[in-house]
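The values are calculated or read from the model by the stated rules, or taken from the named source; none is laboratory data. The structure displayed is predicted, hence computed values, not measured ones. Positions of Cβ are generated from backbone atoms using ideal geometry, with glycine treated the same way; all protein chains shown enter the neighbour counts. Ligands, DNA and RNA are excluded from the accessible area calculation, which covers all protein heavy atoms including side chains. Shrake-Rupley method; radii C 1.70, N 1.55, O 1.52, S 1.80 Å.
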Amino acid sequence: MHPAASVIAFTTLSGAGFGLLFWLGLGLPAITGWAAFTFFAIGFALAAGGLMASTFHLGHPERAWKAFSQWRSSWLSREGVCAVAALLSMAAYGAGLVFFGTRLAPLGWLGAALCLGTVFTTSMIYAQLGTVPRWKNPLTPVLFVSIALGGGALLAGQVTATMALLALAGLVQVLWWRQGDRALADSATDMASATGLGRIGAVRSFAPPHTGTNYLLREMVHEVGRKHAARLRVIALALGYAIPVALLALPFNHALAAVAVLSHLAGIATSRWLFFAEAEHVVGLYYGRR
């Protein structure tokens, strides 16, 4: 089983896009005119492209608008509201820079805060799920936000900030993996507790509930070998964090900067694949997959 490419693209691209828009909202880099247009175009393309990719994972994409009405209780709805508010705010802020050469600082700060809020609400969609112990971790929002800030700084050309933030994000990534690897065991969830039959004796499965695949198996029960996961983790750390930082430590060169950006996006996409493939949803207990 493999995680949906649309979800991986969404979490990777939108995080980088909103991260870039965050720095632009702070006035970094300080640009106007066509230079500003280029940076904002990249930010909007990544952010909006990621959001659009997420709709392909929906059974009925035409009903996506209904999610906005549940903002009082749903992190998914809050994400949608924050994303739209962030894009509208940054569009107005960017228009001032591009067409009038004017920086409306308060509007930029508001847009930056909403961009960061969008990344946070995205992370909470996963961090609040008790059925996936690996995700229900205080470090999950820290990981999402730190990657967005580091990736956004890279796209915004903030070299010093990028090196510090990507180093921090890499450390958080390692700590998140370390805690996640024991999360299911620490949750004390097993087949006995999942079925509620542990009080009458040892519980084991004689046969899976279904003879074929189904929605639950496709969407929530992914399996990846430990050796394969370890190799992918090294690739994610190297591409997403180490190589971009190493390239930025060299004398500045536009070609090296472009390679650093591509390397970072490839590494984060790899880590996002692992994020979903290693999820260990407790529903897998019913299928003997845990």
In the chain the accessible area split gives carbon plus sulfur, as whole percent at 1.4 Å, a share of 69
As I understand it, the value is the acute angle between the Cα axis of helix 159-181 and the longest principal axis of the Cα atoms of the chain; what does it come to in degrees, rounded to 10?
10
Answer with a single label: of (i) 16.9; (ii) 32.9; (iii) 19.5, which was calculated as mean projected area of the Cα convex hull in nm² from the structure in view?
(i)
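Ordering TYR93, TYR126 from largest to smallest accessible area (1.4 angstrom probe), what's the sequence? It would help to have the intermediate numbers written out before the result.
Numbers: TYR93 0, TYR126 25 Å².
Most to least solvent-accessible, the answer reads TYR126, TYR93.
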1/(1 + (r/R0)^6) with r = Cβ-Cβ of TYR287 and ALA202, R0 = 22 Å, i.e. FRET efficiency to nearest 0.05, evaluates to 0.75
What figure in square angstrom, to the nearest 10, would you give for the accessible area of LEU232 with a 1.4 Å probe?
30
Would you check the accessible area of ARG218, probe 1.4 Å, heavy atoms only, in square angstrom rounded to 10?
120
